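J.: Could you have a look at this structure, given as structure tokens, before my questions?
No lab work stands behind these numbers, since they all come straight from the coordinates. Because the structure is predicted, anything quoted here is derived from the model rather than measured. A quick note on method: Cβ atoms are made from the backbone with ideal geometry, for glycine too, and the neighbour counts reach across all protein chains shown.
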């Protein structure tokens with residue numbers, strides 16, 4: 001049963017919600033800060049903020065009119081210095097929980113507002129027109145954006161044009177996801193949802209793409225029209241990503257992460273890139289090392305392979321590719337044996353099984369890239385137990401005003417007989 005309560009916020013939780021300790025247990029209150037006294041409507045462990053009675057000195061006015069509504073940002077009400085300390089603290093807590101010395105944490109990197117080149121919008125066509133934005137937290141309601149301080153100015157300025165295109169594509173009342181990637185050739189749009197375009201609909205959509213100036217439109221994987229080939233650059237190596245491709249969110253932060261990885265693996269002659277995607281790391285590493293790239297997504301892997309072949313003039317060393325589901329079938333220690341350097345960048349669930357095989361392999365240098373401090377810490381503990389030395393972990397925030405944090409961990413070890421995971 002819901003009830004109105006006065007709560008004191010003790011700390012921020014891992015998801016950015018304020019945590020109040022009460023006689024009935026923990027209560028999580030979004031959009032609050034540590035030390036605040038607030039009035040909220042509590043329903044079990046969750047509460048909706050009504051008012052802030054005693055604000056924190058770290059509280060500031062949010063920059064966006066949609067804050068607390070659109071479901072995107074959760075921490076715009078927090079002073080920048082406090083926000084950055086909290087964000088690094090997420091990594092500190094995760095490492096400490098695994099018994100890892102937090103002195104290894106290097107200076108963090110933070111992205112600027114309006115720097116995210118990839119957005120996944122929700123769109124619905126209503127009687128009043130197309131709504132385009134993000135879904136309200138804990139709701140299917142699409143908040144029609146009037147502004148966004150996270151995405152690049154180019155994507156933000158294109159929102160009305162994207163809505164015009166969706167008015168052609170969408171049937172009434174149907175909600176779809178629209179992935180927008182900003183590329184060197186223009187905006188690349190991939191629509192996914194329960195819609196079907198007949199031939200007339202495809203012609204109308206193609207006409208709209210031409211008129212509105214997009215680089216490519218795909219609907220449920222089918223290319224409707226691509227007036228220009230979408231291209232992204234990994235340093236000076238250009239790749240044409242598949243529709244809706246996963247790209248690192250902020251190019252400047254991608255450059256930071258790639259630089260850390262490349263420097264760490266510079267002395268490795270044979271490098272293996274696990275969860276390689278479209279080649280974010282592999283194609284950069286190929287400037288100094290022979291690279292074997294492994295990825296489960298066929299379209300991403302094909303883009304990587306094609307990018308390598310089309311950039312032969314860049315004097316890249318050989319890059320080979322292998323399609324493989326590394327979550328279900330990690331590379332074995334024996335398969336890793338030919339490589340002296342390794343980078344992995346798995347999904348949020350991490351790479352526990354793969355790390356056990358890395359631990360048992362002769363690989364000397366490892367760069368671990370992660371978007372989840374908790375699973376990163378778990379995976380690092382496996383490698384440290386096997387004899388790796390953790391040289392550094394660098395926090396990289398490319399998801400501004402959210403609880404999501406990237407990190408790059410660098411490890412190395414001396415030669416010698418490796419322990420198999422079953423002995424650990």
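J.: With springs only between Cα atoms under 10 Å, which of 414, 190, 245 fluctuates most in a Gaussian network model of the chain?
T.: 414
J.: If you find the alpha carbon centre of the stretch 28-62 and of the stretch 71-121, how far apart are they in angstrom?
T.: Here the answer is 20 Å between Cα centres.
J.: With the Cα gyration tensor of the stretch 118-232 giving a ≥ b ≥ c as the square roots of its eigenvalues, does the rule (a/c under 1.5 for rounded; else a/b larger than b/c for prolate; else oblate) give rounded, prolate or oblate? Each step should come with its number before you reach the end.
T.: On the way: a/c = 1.73, a/b = 1.12, b/c = 1.55.
Note, shape of the stretch 118-232 comes out oblate.
J.: While we're here: Jot down the radius of gyration and Dmax of the stretch 197-302, Cα atoms only, both in angstrom.
T.: When restricted to the Cα atoms of the stretch 197-302, Rg and Dmax are 17.1, 57 Å.
J.: While we're looking at this one, here's another question. Please state, to two decimals, what the Cα-based radius of gyration of the stretch 31-120 comes to when divided by 2.2 N^0.38 Å (N = residues).
T.: 1.31
J.: Another question about this same structure. For the residue pair residue 195 and residue 172, what label-to-label distance in nm results when each label sits 7 Å from Cα along the Cα-to-beta-carbon direction?
T.: So the label points at residue 195 and residue 172 sit 1.5 nm apart.
J.: A follow-up question, please. Scale the Cα Rg of the stretch 247-303 by the rule-of-thumb value 2.2 N^0.38 Å and send over the ratio, two decimals.
T.: For the stretch 247-303, the normalised Cα radius of gyration is 1.09.
J.: At 222 nm, what value in deg cm²/dmol follows for the chain if DSSP H runs of at least 4 each add -39500 (n - 2.57) and the sum is divided by all its residues, to the nearest 500?
T.: Numbers: 10 runs with 104 residues, N = 424.
Rounded to the nearest 500, the figure is -7500 deg cm²/dmol.
J.: Average projected area of the Cα convex hull of the stretch 75-124, in nm²? Don't skip to the end; give the middle numbers.
T.: On the way: hull surface 23.2 nm².
Reported value for the Cα convex hull: 5.8 nm².
J.: Above 15 Å lies some portion of the pair distances; for the stretch 3-59, what is it as a whole percent of all C-alpha pairs? Present the calculation step by step, with values, prior to reporting the outcome.
T.: Values: 518 of 1596 pairs.
So the portion of pairs separated by more than 15 Å is 32 percent.
J.: I need the calculated FRET efficiency for the pair residue 334 and residue 287, taking r as the beta carbon distance and R₀ as 35 Å, to the nearest 0.05.
T.: 0.80
J.: Next question, about the same structure. Treating the Cα atoms of the stretch 344-393 as identical point scatterers in vacuum, please give the log10 of the normalised Debye intensity I(q)/I(0) at q = 0.17, 0.30 Å⁻¹, two decimals.
T.: Relative scattering, expressed as log10 I(q)/I(0), comes to -0.42, -1.36.
J.: Can you give me the P(r) profile for the chain? Cα pairs, bins 10 angstrom wide beginning at 0, each as a whole percent.
T.: 4, 20, 26, 25, 18, 7, 0
J.: Modelling each spin label as a point 7 Å along the Cα-to-Cβ direction, I'd like the residue 202/residue 252 distance in nm, to one decimal.
T.: 4.2 nm
J.: Next question. If you find the alpha carbon centre of the stretch 300-349 and of the stretch 1-26, how far apart are they in angstrom?
T.: 45 Å
J.: On to the next question. Across bins of 5 angstrom width beginning at 0, how are the C-alpha pair distances of the stretch 53-196 distributed, in whole percent?
T.: Going out from 0 Å in 5 Å bins, the stretch 53-196 shows 2, 8, 15, 17, 15, 13, 11, 8, 6, 3, 1, 0 percent.
J.: Another question, then. Expressed in nm to one decimal, what extension gain is obtained for the pair residue 306 and residue 84 from 0.36 nm per residue of sequence separation less their Cα-Cα distance? Intermediate results must be reported in sequence, preceding the final value.
T.: Numbers: separation 222, 0.36 × 222 = 79.92 nm, distance 3.90 nm.
Between residue 306 and residue 84, full extension yields 76.0 nm more.
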